[in-house]
Structures are given as C-alpha cells and as structure tokens.
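Notes for the one structure printed next.
The values are calculated or read from the model by the stated rules, or taken from the named source; none is laboratory data. Bear in mind the structure is a predicted one, so any value in this text is a computation, not a measurement. As a convention, Cβ positions derive from the backbone with ideal geometry for all residues, glycine included, and neighbour counts pool all protein chains shown. Note: areas computed on protein heavy atoms with side chains; ligands, DNA, RNA excluded. Shrake-Rupley method; radii C 1.70, N 1.55, O 1.52, S 1.80 Å.
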Amino acid sequence: MGKNLLRLKDLPLAGIEGILDQAQRFCDGEKCQEFAGKIVCNLFFEPSTRTLYSFQVAQQNLGLKVISFNPESSSLQKAESFYDTVKTFDSFGIDLLVIRHRRNEYYNEFISKLGTPVLNGGDGTGQHPTQSLVDMLTIRQEFGHLDGLSIAIIGDVAHSRVAHTNFEVMERFGMRVYTSGPPEYVEKGMNPIPFKQALTECDVIMALRIQRERHETNFSMSAEEYHRTYGLTAQNVTLMKKNAIIMHPAPVNRNVEIADELVESPRSRIFKQMQNGVFVRMAVIKYALGED
Ligand code: CP
C-alpha cells in the first residue's frame, strides 16, 4: 500500500529521526535493492533541478524504474486538469508518485482518492519536506545534534516553503529558529531578528533566494541594494561565530543573497546539502515503500 509523505508535521519526531538515521546509513555506504523493479513517476509541474534530479538518482540507486513526465508535452496542453493528470498515473498501477506543484496543499484535491503513495516535492509557498530533511541531516552531520542550536533564515521568508517547513520542524527538535530580511517578507510569528544580530548569534545562517516568480507586486529593491542590505558578503560573514556555517536550499543567485566567493567557501555547506539530497530521498522512498 505504501505511505505518503506530504508534510513533516504529520510525522512524530521519532519517525523523522528514523528517516535521518537511514539517510545517514545511505551516506555511509549502505545499499538497498529491496524495492528494485518498482515503478516511480516524478510529476513536476514546477521547475526543479535539485529535487527532481536527486530523486531520480536516488530512485536509480534503489533499482527503481523511473518514468519521466514533461508537463509541456503532456495532455495538460489539451486542457486536461491537474487532478485528471494525477489520477491517470494512479490508474497505471505505479508504485510511487513524487509531485511538485505551485499550489499550496495541492494534494488535498486528490489524496483520499489515490491508491498510489505520494511524496511531496514541494507545494507552492507551503511545505518542502525533503529539503528540510536534507537541511537537518546536514546540520546533524556538522554539529552532531539539533537541539540547542540556533538558525537564522534570511530573505524572502514569506514565499519560502523551505522556511515554513524548517521553522516548524526545527523548533520541534529544540532548535531556536529566527528569520530576517526585508520587512515585507518576514512573518511576525516567525521570530524576526535584525540581520546583524542573526549573523552574530546563530550557529547556522541560511540564505534564501528572492522568489520573484511568486510575488504579486514587484519587489522594490534592486539586486545590488539587496546584496548590500541582506546579502552575505566576505565582510559581514566575519561577524559569524567561529564554527557557524552557511546554508542555502538553492538555486543560488550569486552576488544577490550571497557573494559569489562564499558559495564554495570553507563555511559553506551548500553543495553538501545537494549531496545529502540523494541520501535523504533514498531514505524517504524506503520509508514510503517499506513496511511500518
Ligand atoms: N532546493 C530546491 O528545491 O531546488 P530545486 O527547485 O532545484 O528542486
């Protein structure tokens, strides 16, 4: 039958820890062919590089058969609905669907009507559960634990499904989660703090991209002004604690939210996050297809 993973808030902490532990075992070299030959389809209705292709690598590592879906060449172009597209793949007898869509909680439209388990690859500005698992695995690898650590998520918080998911789940794990950035994009309930204080006090600084494609009104700041005001620069990262690290869910807009020279600097774990994406997604697939 399989299990969905739509939101981390649906899982108890022990369940999330179990996925992180499995991801770490995959990172350490464990192999798994238990699900070899099962069929998965990745239905991405929004652009993606990391989530889509790291899922594909994870699926191939596990021996799954992967079906590609391209919305541009599908019958969506003949006015078929999102619902009917998903129900069509469900009717094929596929073992697993991975879905990304621009609408928050898109899955509410069909989830009770599907027999195929669904992994959420991101819903609008709502949730990005596998990215948060990646982020927590990366932090755990760095510090050995999550509880007691502090993270500042900086940038377009309001439009970030990564920020929303991380805020909820990291607080549950005992982290202090703060946000900072342009006032119009920081939410009152998400512990806003001044940018300089965030840099000085937190163990993890997570920069976010400005998601212009989700804005209803134009963001007034130019890229240069944003970089001067909220961007991570070679100068202001000297304010960070000695062992503090830089993260970013990516895609990165170099020289906007983070200086080009910092993206691959010793403090940065940005490409480590991408590497962990494969292991986390292998663990999430094992969770979805495995026994309880
Ligand atoms: N972090 C992330 O979700 O990246 P993609 O949009 O490239 O999948």
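Conditions tested, residue by residue: (1) surrounded by fewer than 24 Cβ atoms within 10 Å (Cβ to Cβ); (2) farther than 26 Å from residue 28 by Cα; (3) touching a residue at least 12 places away in the same chain (Cβ under 8 Å).
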{"site": "104", "(1), (2), (3)": "yes, yes, yes"}
{"site": "121", "(1), (2), (3)": "no, no, yes"}
{"site": "130", "(1), (2), (3)": "no, no, yes"}
{"site": "152", "(1), (2), (3)": "no, yes, yes"}
{"site": "171", "(1), (2), (3)": "yes, yes, no"}
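Quick check on this structure: which one of 267, 254 is under 25 Å from residue 20 (Cβ atoms), surrounded by 11 or more Cβ atoms within 10 Å (Cβ to Cβ) and at pLDDT 95 or above?
267
Quick one: in the stretch 1-31, which of the residues that are open to solvent by 40 Å² or more (accessible area, probe 1.4 Å) and touching a strand residue (DSSP E or B) at 6+ places or on another chain (Cβ under 9 Å) is farthest from residue 134 (Cα to Cα)?
Filtering first and then ranking leaves 4.
I need the full set of residues from the stretch 198-228 which are more than 15 Å from residue 179 (Cβ to Cβ) and polar (S, T, N, Q), in order please.
Of everything in the stretch 198-228, those that are more than 15 Å from residue 179 (Cβ to Cβ) and polar (S, T, N, Q) turn out to be 200, 217, 218, 220, 222.
Does residue 240 count as within 16 Å of the ligand (Cβ to nearest atom), among the hydrophobic types (A, V, I, L, M, F, W, C) and under 26 Å from residue 132 (Cβ atoms)?
Taking the combined requirement at face value, the residue does not satisfy it.
Given the criteria β-branched (Val, Ile, Thr) and either over 25 Å from residue 138 (Cα atoms) or surrounded by 18 or more Cβ atoms within 10 Å (Cβ to Cβ) (or both), does residue 57 qualify?
Criteria not met by residue 57.
Could you give me the residue pairs with C-beta distances under 7 Å whose first residue belongs to the stretch 174-200 and is of a type in the set (Lys, Arg), whose second residue is in a helix (DSSP H, G or I) and surrounded by fewer than 21 Cβ atoms within 10 Å (Cβ to Cβ) wherever it lies, and which are 6+ apart or on separate chains?
Going by the 7 Å Cβ cut-off, the qualifying pairs are 196/239.
Which of the helices (runs of 4 or more DSSP H) contained wholly in the stretch 1-91 include at least 3 residues that are modelled with pLDDT of 95 or more and under 21 Å from the mean Cα position of the chain (by Cα)?
The helices (runs of 4 or more DSSP H) meeting that bar are 13-27, 50-61.
Among residues belonging to the stretch 29-62 that are free of Cβ contacts under 8 Å to residues at least 24 places away in the same chain and within 16 Å of the ligand (Cβ to nearest atom), point out the one that is nearest to residue 106 (Cα to Cα).
Looking at the filtered set, the residue picked out is 47.
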